[in-house]
Amino acid sequence: MTINFESKKKYNVIGTNPIRHDGYDKVTGRAIYGADVKLPGLIWGEVLRSPYAHARIKSIDTSKAEKMDGVFAVITSKDIPINKNRSGIDVNLKRDVDNILAYEKVLYKGHPVAAVSAADRNTAKEACKLIEVKYEILEPVKNVDEAIAKNAPILLEDIEADHLGKTVNNTNIAKHFRHELGDANNEFKNSDYILEKEFNLQMVHQGYIEPHNATAHWDENDHLSLWSSTQGMFAVRDLTAGFLDLPISKVTSNYVEIGGGFGGKTKVYLPPVAAILSKKSGHKPVKIIMDRISVFQGSGPAPGGKIIVKIGVTNEGKINSGAVDIKLEAGAYPGSAIPAAAVCCLACYNIPNIRVDAYDVLVNKPKSAAYRAPGSPQVSFAVESVIDEICEKMTWDKIDFRIANASKEGTRKPDGVLYHKIGFIETLEAAKNSDHWNSKIDKKDKNKIYGRGIACGYWHNGGNRSTVDLILQDDGNIALNEGSADIGGTRTSISMQVAETLGMPVESIHPSIPDTDKIGFTATTGGSRTTYATGYAGWEAANKLIEEMKKRVSILWEEPEEEIDFADGNFYSKKSDLKMNIEELATKINPTGGPVTSTASVNLSAAGNGFGIGICDLEIDPHTGKTDVIRYTAVQDVGKAIYPQYAEGQIRGGAVQGIGWALNEEYYIEKDGTMANTSFLDYRMPTALDMPNIDVIMVEVANPLHPFGVRGVGEVPIVPPLAAVGNAIKDATGSRIYSTPMKPRKILEVIDNG
Amino acid sequence: MATDKIHVKTTINGRPEEFLTDPYVSLLDALREIVGLTGSKEGCLDGNCGACTVNVNGRIVDSCLVLAAEVDGQKVETVEGMASADGLHPLQQAFLEEAALQCGICTPGFLVASKGLLDNEPNPSEGRIRHWLAGNLCRCTGYENIIKAVKKAAENS
């Protein structure tokens with residue numbers, strides 16, 4: 001069902017910047033993150049990982065490790081309960097479980113092979129060294145070209161891949177699907193100018209500062225309690241229960257603070273391992289913290305890949321055809337961000353003829369995970385670079401051309417879905433009118449060269465299930481329980497929507513995130529869904545609370561409910577001059593039927609498509625290739641900024657991640673298929689010294705599917721920077737770099753070769 | 001691992017503290033696992049992220065790279081020592097007001113590092129703040145609000 005909301009202009013709470021509720025704990029060091037969990041009798045776990053990118057496990061001998069002083073248990077994949085009946089496991093679950101502890105084959109360096117529990121962390125690490133694993137080393141598949149080559153080594157020997165509806169065996173292409181609108185192949189003949197280019201990208205990591213961690217306690221009554229750093233405690237519960245063959249009601253996933261995720265903490269790595277160790281260690285609680293090398297080698301990268309874009313335009317400045325081939329690295333198991341990439345690639349433009357061929361490609365690298373608008377930055381780098389080149393070739397204004405071709409309400413996306421009301425044109429116009437676009441580049445140093453780039457980006461944003469419970473306390477305050485992991489201010493952005501609805505100050509709302517037994521199912525924090533969907537549930541719960549409070553007022557006033565109005569925190573009688581605020585009602589409520597509570601659950605199918613633009617000025621040292629972003633403006637349609645400081649913060653943070661991706665970050669893969677740069681020293685993320693201030697322009701074209709117009713903000717901002725940086729390099733040097741990262745060596749190459 | 005433990009007598013956040021530690025244990029692990037102060041965070045254990053930053057005798061250090069035994073007789077300050085009975089430290093207040101944290105995992109390290117700067121240089125320039133804090137990684141904020149908060153705290157203290 002779709003409800004269309006009228007956008008309201010004036011709010012009391014929404015659009016203000018209160019101090020976030022969890023802020024005090026987080027600036028004093030009191031906040032409890034996963035690694036901070038302490039339990040009586042806690043012991044430690046450690047994971048032994050594969051030193052090879054591709055190998056068959058011949059044997060694992062755990063006997064020496066088991067005999068070491070201080071060791072409680074050693075486990076391998078055969079100790080995972082669902083592996084006891086391998087033939088009965090659903091294929092997707094089988095891939096997931098094989099990723100947490102390898103079965104027969106290791107598919108990337110860092111693939112877990114065994115795990116140990118011991119009295120302390122150091123003993124557990126030492127015991128891992130005593131586990132003897134014999135491998136038959138296989139040739140690694142390092143990129144999509146090698147994966148699809150004839151006679152390529154096959155990663156998954158039991159694969160049954162879907163290639164355009166046909167089942168194919170013995171392949172590293174886990175899936176090939178196609179989107180078609182109109183007839184792209186034939187319509188190119190009506191194009192006046194066609195440009196086709198190939199782009200190559202390396203894997204990158206989300207780079208959250210907090211490593212993965214998990215604490216598990218499997219008690220004697222077969223009840224499992226979990227604490228882990230995750231964007232979705234319900235996903236941890238459900239997947240862990242699945243691996244361990246436990247009903248979900250026997251698993252409690254507790255909320256702990258999360259030190260960054262960006263999509264990378266939507267996967268489950270450690271909780272099931274810690275759980276099995278707990279059971280095998282005499283039901284002692286076990287904690288595992290992943291070290292940083294393993295975070296790089298064994299978790300989360302965003303896919304690299306190869307993207308070929310062909311775009312055809314008419315002399316009138318219209319795009320008439322677009323064809324995109326996308327091959328993304330899934331990593332060791334199927335499931336890259338290819339479905340989203342296939343939609344996002346051409347989603348900014350109204351193109352009548354589209355063909356997108358999308359391939360999910362297996363390579364001997366860690367199983368890829370979501371990373372902020374998963375799949376969209378990669379394809380937008382390719383498409384927005386081609387658009388830039390077309391505009392230069394045809395001498396068209398880069399913003400006017402985009403406005404003339406921009407998607408709007410009623411435009412069909414590559415997957416055939418029609419847009420409802422969106423704000424891309426308004427966003428482009430805001431960019432066109434921005435101070436940045438209308439100022440010259442600040443060329444301070446005549447020994448440097450300078451360039452400006454602009455690029456757009458799209459993310460569809462998510463809906464899904466969320467629950468909010470409200471309790472009116474006797475002092476007139478509201479206790480709020482919700483199930484969304486709070487990675488950056490969402491307790492407050494949800495509380496603000498409840499406060500606005502109830503006509504109360506946000507300080508009167510006291511949010512908590514309880515464990516999975518104490519709140520209704522709430523989907524993982526991801527897809528920019530939390531302020532949108534959990535906020536929607538909060539609005540609905542607040543309206544239910546108002547209805548219940550009206551009943552109580554009706555009893556107190558002895559007036560029918562229909563005769564009672566509610567506005568701005570006050571109940572009014574329509575027929576008398578009686579008036580009462582929520583605080584006063586709270587003191588009188590118990591004789592009217594006990595406490596007042598409400599709960600609301602939603603399952604939202606559609607969210608508010610978001611569009612953003614990046615304008616980037618670069619300074620390049622032509623002698624070293626060192627490149628600095630000296631000015632960057634992010635323009636984005638946010639629908640409605642509930643908590644502007646934090647909405648802007650999302651946009652700034654996303655832009656900086658995108659700039660890091662563009663200029664520096666990559667999985668540097670050696671000939672043997674292993675990652676060479678597994679520390680923050682060598683995997684260089686932007687520091688305070690590398691980044692300029694990021695100007696943010698928020699456009700508010702209210703999303704008609706949300707009571708306050710929210711679209712979701714967190715993901716769009718990482719999409720434009722890759723091409724914005726690439727286009728700026730082209731502007732500065734006269735040459736384009738067709739691969740990421742656009743590091744100094746490549747910049748010197750294009751300067752030297754012209 | 002049959003090593004004799006070392007007796008460490010130190011001062012943490014102004015209070016005398018004694019503990020026994022294995023010789024190979026880092027200051028970070030001693031603070032977190034022995035003393036029970038979990039405000040200092042583990043991010044990388046190789047001195048590249050700064051989430052474990054503490055102050056030893058007036059110098060900021062990555063506590064993952066210091067052995068616990070080395071702080072015998074030294075003065076250690078952690079994020080837990082910043083607020084007082086009178087309230088938050090101006091830096092903590094400014095971080096809240098300027099939204100200088102999102103997930104908050106790097107925040108203790110940034111606060112301790114920033115305090116180390118302001119203790120010696122009450123009015124640093126933006127460039128100086130950015131240079132000083134380049135040893136602390138934040139993946140959420142893009143740094144701008146952290147820099148603003150440090151400037152604001154400098155003005156308010």
query = What is the one condition in (1) assigned to a loop (DSSP other than H, G, I, E, B); (2) within 22 Å of A:Pro303 (Cα to Cα); (3) out of contact with any Cys (no Cβ under 8 Å at 6 or more places or on another chain); (4) not acidic (Asp, Glu) that A:Ile209 does not satisfy?
reply = (3)
task = Looking for whichever is buried (at least 17 other Cβ atoms within 10 Å of the Cβ), over 16 Å from A:Asn727 (Cβ atoms), among the polar types (S, T, N, Q) and out of contact with any helix residue (DSSP H, G or I) (no Cβ under 6 Å at 6 or more places or on another chain) here; the options are A:Asn405, A:Asn433. Which one fits?
result = A:Asn405
query = Say we look at the stretch A:398-410 and pick out the residues that are touching a strand residue (DSSP E or B) at 6+ places or on another chain (Cβ under 7 Å) and outside any helix (DSSP H, G or I); which of these is farthest from A:Ile319 (Cα to Cα)?
reply = A:Gly410
inquiry  = Scan the stretch A:538-547 and tell me whether some residue there is more than 19 Å from A:Glu715 (Cβ to Cβ), touching a helix residue (DSSP H, G or I) at 6+ places or on another chain (Cβ under 6 Å) and charged (D, E, K, R).
reply    = no
key: Verdict on A:Ser512 being out of contact with any helix residue (DSSP H, G or I) (no Cβ under 6 Å at 6 or more places or on another chain), polar (S, T, N, Q) and farther than 25 Å from A:Gly639 by Cα   = yes
ask   = So which residues in the stretch B:1-57 are more than 12 Å from every other protein chain (Cβ to nearest Cβ) and of a type in the set (A, V, I, L, M), if there are any at all?
value = B:Ile6, B:Val8, B:Ile12, B:Leu20, B:Leu27, B:Ala30, B:Val35, B:Val56
message = I'd like the full set of residues that are without any contact (Cβ under 8 Å) to a residue 24 or more places away in the chain and over 20 Å from the mean Cα position of the chain (by Cα), limited to the stretch B:19-37.
response = B:Leu20, B:Asp22
query = Which strands (runs of 3 or more DSSP E) does the stretch A:428-494 wholly contain that include 2 or more residues that are more than 23 Å from A:Phe381 (Cα to Cα)?
reply = A:464-472, A:478-482
message = Could you list, ordered by first residue, the pairs with Cβ atoms under 7 Å in which the first is in the stretch A:289-313 and more than 18 Å from A:Tyr667 (Cα to Cα) and the second is charged (D, E, K, R) and in a loop (DSSP other than H, G, I, E, B), at least 6 apart or interchain?
response = A:Ile289/B:Glu42; A:Val313/A:Asp192
ask   = From the residues in the stretch B:72-91 that are under 24 Å from B:Cys44 (Cβ atoms) and either surrounded by fewer than 24 Cβ atoms within 10 Å (Cβ to Cβ) or not hydrophobic (A, V, I, L, M, F, W, C) (or both), which one is nearest to the other protein chains (Cβ to nearest Cβ)?
value = B:Glu80
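Restricting the search to the stretch A:418-427, which residues are in contact (Cβ under 8 Å) with a residue 40 or more places away in the chain and not in a loop (DSSP other than H, G, I, E, B)?
Within the stretch A:418-427, A:Phe424, A:Glu426, A:Thr427 qualify.
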message = Looking only at the stretch A:187-213, how many residues end up being touching a residue at least 24 places away in the same chain (Cβ under 8 Å) and more than 14 Å from every other protein chain (Cβ to nearest Cβ)?
response = 16
message = I need a count of the residues in the stretch A:623-634 that are in contact with a Ser or Thr (Cβ under 8 Å, 6 or more places away or on another chain) and either facing chain B (nearest Cβ under 10 Å) or more than 11 Å from A:Ile694 (Cβ to Cβ) (or both).
response = 0
The stretch A:716-730 residues that are closer than 21 Å to A:Ala647 by Cα, paired with ones that are among the polar types (S, T, N, Q) and surrounded by 24 or more Cβ atoms within 10 Å (Cβ to Cβ) (beta carbon under 6 Å, 6 or more apart) = A:Val716/A:Gln636; A:Ile718/A:Gln657; A:Val719/A:Ser376; A:Val719/A:Ser380
key: All positions within the stretch A:583-603 that are over 30 Å from A:Gly463 (Cβ atoms) and either of a type outside the set (Lys, Arg) or at pLDDT below 95 (or both)   = A:Glu583, A:Glu584, A:Leu585, A:Ala586, A:Thr587, A:Ile589, A:Asn590, A:Pro591, A:Thr592, A:Gly593, A:Gly594, A:Pro595
A:Pro692, sole failed condition from (1) touching a helix residue (DSSP H, G or I) at 6+ places or on another chain (Cβ under 7 Å); (2) within 21 Å of A:Ile441 (Cβ to Cβ); (3) assigned to a loop (DSSP other than H, G, I, E, B) = (1)
Test set (1) closer than 29 Å to A:Ile487 by Cβ; (2) of a type in the set (A, V, I, L, M); (3) touching a Cys at 6+ places or on another chain (Cβ under 7 Å); (4) away from chain B (no Cβ under 14 Å) - A:Val324 fails condition number = (1)
key: Scope the stretch A:689-699; condition within 23 Å of the chain's Cα centre (by Cα) and either surrounded by fewer than 20 Cβ atoms within 10 Å (Cβ to Cβ) or at pLDDT 95 or above (or both); matching residues   = A:Ile694, A:Asp695, A:Val696, A:Ile697, A:Met698, A:Val699
ask   = What is the number of the single condition among (1) within 20 Å of the chain's Cα centre (by Cα); (2) under 19 Å from A:Asn254 (Cα atoms) that A:Ile519 does not meet?
value = (1)
ask   = Considering only the stretch A:126-148, how many residues are under 25 Å from A:Pro339 (Cβ atoms) and either touching a strand residue (DSSP E or B) at 6+ places or on another chain (Cβ under 8 Å) or in a loop (DSSP other than H, G, I, E, B) (or both)?
value = 7
message = Condition (residue is at pLDDT 95 or above, closer than 12 Å to A:Thr525 by Cα, away from chain B (no Cβ under 14 Å) and not in a helix (DSSP H, G or I)) applied to the stretch A:236-255: is it met by at least one residue?
response = no
key: Filter result for the condition that a residue is within 17 Å of the chain's Cα centre (by Cα), of a type in the set (D, E, K, R) and more than 14 Å from chain B (Cβ to nearest Cβ), over A:Lys279, A:Lys306, A:Lys267, A:Lys284   = A:Lys267
ask   = Quick one: how many residues across the stretch A:540-594 are in contact with a Ser or Thr (Cβ under 7 Å, 6 or more places away or on another chain), under 22 Å from A:Pro505 (Cα atoms) and aliphatic (A, V, I, L, M)?
value = 3
inquiry  = Among the residues in the stretch A:68-85, are any exposed (fewer than 13 other Cβ atoms within 10 Å of the Cβ) and over 26 Å from A:Ser294 (Cβ atoms)?
reply    = yes
message = Going residue by residue through the stretch A:571-579, is there one that turns out to be under 30 Å from A:Glu715 (Cα atoms) and surrounded by 17 or more Cβ atoms within 10 Å (Cβ to Cβ)?
response = no
task = For the stretch A:213-234, indicate whether the set of residues that are surrounded by 24 or more Cβ atoms within 10 Å (Cβ to Cβ) and assigned to a helix (DSSP H, G or I) is non-empty.
result = yes
task = Filter the stretch A:165-179 for residues that are within 21 Å of A:Asp415 (Cβ to Cβ) and surrounded by 11 or more Cβ atoms within 10 Å (Cβ to Cβ) and give the result.
result = A:Ile173, A:Ala174, A:Lys175, A:His176, A:Phe177, A:Arg178, A:His179
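The values are calculated or read from the model by the stated rules, or taken from the named source; none is laboratory data. Keep in mind that what you see is a predicted model, and the values were worked out from it rather than measured. Counting neighbours? That spans all protein chains shown, and the Cβs are built from the backbone with ideal geometry, glycine included.
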